[in-house]
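Visitor: I'd like to ask some things about the structure below.
Bear in mind these aren't lab numbers, they're just calculated from the coordinates by the rules spelled out. Note that this is a predicted model, so its numbers are computed, not measured. Using ideal geometry, Cβ is built from the backbone for each residue, glycine included, and neighbour counts are taken over all protein chains shown.
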Ligand code: PBG
């Protein structure tokens, strides 16, 4: 055969395949989501997320040490309060669960990079991501509370805040509040392109944050839309976001690429609870190879344009990267 171009030539050995690899991974780009709850001396496995736990603040160091050992230095904290009310007051209470967790994490693992999810849904009695006006979430009143929440996280030691509520104008409101109070160096990672997705189901079980009526479609995005994703991303750029996010990951990689090409900010991609739960469930049945699947999912997110990858598999991925099994 007279073939001059033979793509297989570069696939002929593991060494060569590694040499010409286009996507490379690093533990520095992984973020681990972690649930902290009110109460004392408890670690609970989350039924819909096998292998993931809720920790009381006095027990969270067990997980922090495991993260450190695995080589993951970035954690994103989600709070699960005992007390919920109409206005989510535990979200911005200086003694709230996330605020206490921040102090504790800083004490036991000073070099860990602490990111907080800023939202109301885990803190409101109705489970919506803001305060209500009738049956609707009141955008502008919610902004004030989100900004107070972000500020209280920064005051308690958060290195970065990540608003996930999808209210209009929240990045600008949070930026203004942080700057006024002297936190000009605290970056905002905005959940810019966040869809109303059934992939969050297991998370809502984990955090007890499912809305008690209706759904989140009046604030989270309609997953039929592509241009709207760019509109949201560009608005957040204008409002002063430092890092953008697309969420969920697996079904939205087209938008990861589009947002990446349309902006110059670092881009985070969140592989959400439903993605993790599907892999776990199929692996438990013996139908898929869990390790190979989560590696393939991670690489596809980075190949699509992710700079940062938020995943419940962060520890395993970091280990595999170190061992040279991927990336
Ligand atoms: C809070 C929030 C949610 C997730 C991250 N932040 C839930 C939601 O919007 O309902 C989902 C994370 C996951 O599913 O892993 N608003």
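Visitor: Evaluate the distance, in nm, between pseudo-label points positioned 7 Å from the Cα of residue 24 and of residue 106 along their respective Cα→Cβ axes.
Guide: Placing both labels 7 Å beyond Cα along the Cβ direction yields 3.5 nm.
Visitor: What's the long-distance tail for the stretch 136-231, i.e. % of Cα pairs beyond 20 Å? Write down the numbers at each step before the final one.
Guide: Working: 2022 of 4560 pairs.
Percent of Cα pairs beyond 20 Å in the stretch 136-231: 44.
Visitor: Then there is this: Round to the nearest 10 and give me the degree value, 0 to 90, for the angle of helix 97-108's Cα axis relative to the longest principal axis of the chain.
Guide: 60
Visitor: Another one. Please work out the C-alpha center-to-center distance from the stretch 84-151 to the stretch 152-224 and express it in whole Å.
Guide: 9
Visitor: Equivalent-ellipsoid semi-axes (√(5λ), Cα gyration tensor) for the stretch 221-327, whole Å, largest first?
Guide: Ellipsoid half-lengths, sorted descending, are 27, 16, 10 Å.
Visitor: When the scattering of the chain is computed by the Debye formula from its Cα atoms alone, each counted once and equally, what is log10 I(q)/I(0) at q = 0.08, 0.15 Å⁻¹?
Guide: For the chain, the Cα-only Debye profile gives -0.36, -1.28.
Visitor: So, one more: Round to the nearest 10 and give me the degree value, 0 to 90, for the angle of helix 227-239's Cα axis relative to the longest principal axis of the chain.
Guide: Here the helix axis deviates by roughly 60 degrees.
Visitor: Can you give the angle from 0 to 90° between the axis of helix 273-284 and the longest principal axis of the chain, with both taken from C-alpha atoms, to the nearest 10?
Guide: 50
Visitor: Return the whole-Å distance between the Cα centroid of the stretch 254-282 and the Cα centroid of the stretch 26-76.
Guide: That distance is 21 Å.
Visitor: Please state the relative contact order of the chain as a whole percent: Cα pairs under 8 Å, 6+ residues apart?
Guide: Values: 629 pairs, mean separation 60.2, N = 327.
Here the relative contact order equals 18 percent.
Visitor: Before rounding to the nearest 500, sum -39500 (n - 2.57) across all DSSP H runs of length at least 4 in the chain and divide by the residue total; then give [θ] at 222 nm in deg cm²/dmol.
Guide: Mean residue ellipticity, 222 nm, calculated: -11500 deg cm²/dmol.
Visitor: Beyond 20 Å, how much of the Cα-Cα pair distribution for the stretch 59-130 remains, as a whole percent? Before the final figure, lay out the partial values.
Guide: On the way: 877 of 2556 pairs.
Within the stretch 59-130, distances greater than 20 Å cover 34 percent of Cα pairs.
Visitor: Could you check the spin-label model distance between residue 281 and residue 38? Points 7 Å from the Cα along Cα→Cβ, value in nm.
Guide: 3.1
Visitor: Restricting to bridges with both residues inside the stretch 24-323, how much of the DSSP beta-bridge set is antiparallel, in percent to the nearest 5? Before the final figure, lay out the partial values.
Guide: Numbers: 5 of 37 bridges.
Roughly 15 percent of the DSSP beta bridges within the stretch 24-323 come out antiparallel.
Visitor: Okay, next question. Once you keep just the Cα pairs under 8 angstrom separated by 6 or more residues, what percentage relative contact order results for the stretch 3-130? The partial results should precede the final answer.
Guide: Values: 190 pairs, mean separation 29.6, N = 128.
Across the stretch 3-130, relative contact order equals 23 percent.
Visitor: Mean separation of Cα pairs under 8 Å and 6+ residues apart, divided by the residue count of the stretch 205-327: what relative contact order is that in percent? List each step's numbers first, then the result.
Guide: Values: 116 pairs, mean separation 28.1, N = 123.
After rounding, I find 23 percent.
Visitor: Another one. Please give, to one decimal in nm, the separation of the simple spin-label points placed at residue 212 and residue 14, each 7 Å out from Cα toward the Cβ.
Guide: About 5.6 nm, to one decimal.
Visitor: What's log10 of I(q)/I(0) for the stretch 26-91 at q = 0.15, 0.17, 0.22 Å⁻¹, Debye sum over Cα points only, no solvent?
Guide: Evaluating at q = 0.15, 0.17, 0.22 Å⁻¹ gives log10 I(q)/I(0) of -0.54, -0.67, -0.98.
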